[in-house]
1. Mind ranking 53-62, 22-31 by how tightly packed they are, going by the mean number of other C-beta atoms within 10 angstrom, highest first?
2. Note down the nm distance, to one decimal, between modelled labels 7 Å out along Cα→Cβ at Thr19 and at Lys92.
3. With only alpha-carbon pairs counted, each pair once and no self-pairs, how large is the Kirkwood hydrodynamic radius of the range 27-98 in angstroms?
4. Find how much the distance from Tyr72 to Ala54 grows on full extension, using 0.36 nm per residue of separation minus their present alpha carbon separation; answer in nm with one decimal.
5. For the range 24-95, what is the relative contact order in percent, using Cα pairs closer than 8 Å and at least 6 residues apart in sequence?
6. Accessible area per residue, 1.4 Å probe, Å², for the range 24-95: what's the number?
7. When Lys and Arg each count +1 and Asp and Glu each count -1, what net charge do the other residues less than 14 Å away from Lys66, Cβ to Cβ, add up to?
Amino acid sequence: MCFQPPLTMQVLETSTNSTVADIVRALGPMGMLVVFGLAAFALYVVSLSLHPYAKCGRCKGMGRHKGSMFSYATRPCNSCKGRGTHPRLGRKVLFKQP
Ligand SMILES: [Zn+2]
């Protein structure tokens, strides 16, 4: 009788763990920062392509300004030209779009 435990899974798991640990060790704290930075940047680019516009800060996305005396009186927002949204800055820089 010779009992052999199924080592395959254990070896696989250990090697995967050590590989990740090796990568972390090789990168160091600065390298990890760069990796996380790149991941955040990738997410930012995805977000830009999905949502290229941001709410206008001047009119809070309303597109117009209310008069202070006559609250029914409005004029289009100068900053966003009445659209209530602005193209995001990253879109100009990364995609070369206005
Ligand atoms: Zn505005």
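The values are calculated or read from the model by the stated rules, or taken from the named source; none is laboratory data. Because the structure is predicted, anything quoted here is derived from the model rather than measured. Ideal geometry is used to build each Cβ from the backbone, glycine not excepted, and the neighbour counts take in all protein chains shown. The area values use the complete protein model at the heavy-atom level, side chains included, leaving out ligands, DNA and RNA. Shrake-Rupley method; radii C 1.70, N 1.55, O 1.52, S 1.80 Å.
1. On the way: 53-62: 14.9, 22-31: 10.5.
Highest-to-lowest ranking by the protection proxy: 53-62, 22-31.
2. For Thr19 paired with Lys92, the spin-label model returns 4.4 nm.
3. Values: mean 1/r = 0.0689 Å⁻¹.
Computed over the range 27-98, the radius equals 14.5 Å.
4. Numbers: separation 18, 0.36 × 18 = 6.48 nm, distance 2.59 nm.
Fully extending the segment from Tyr72 to Ala54 adds 3.9 nm.
5. Details: 67 pairs, mean separation 20.5, N = 72.
Relative contact order of the range 24-95: 29 percent.
6. On the way: 5530 Å² over 72 residues.
Roughly 77 Å² per residue, with all protein chains present.
7. Working: positive: Arg58, Lys60, Arg64, Arg75; negative: none.
Summing Lys and Arg as +1 and Asp and Glu as -1 gives +4.
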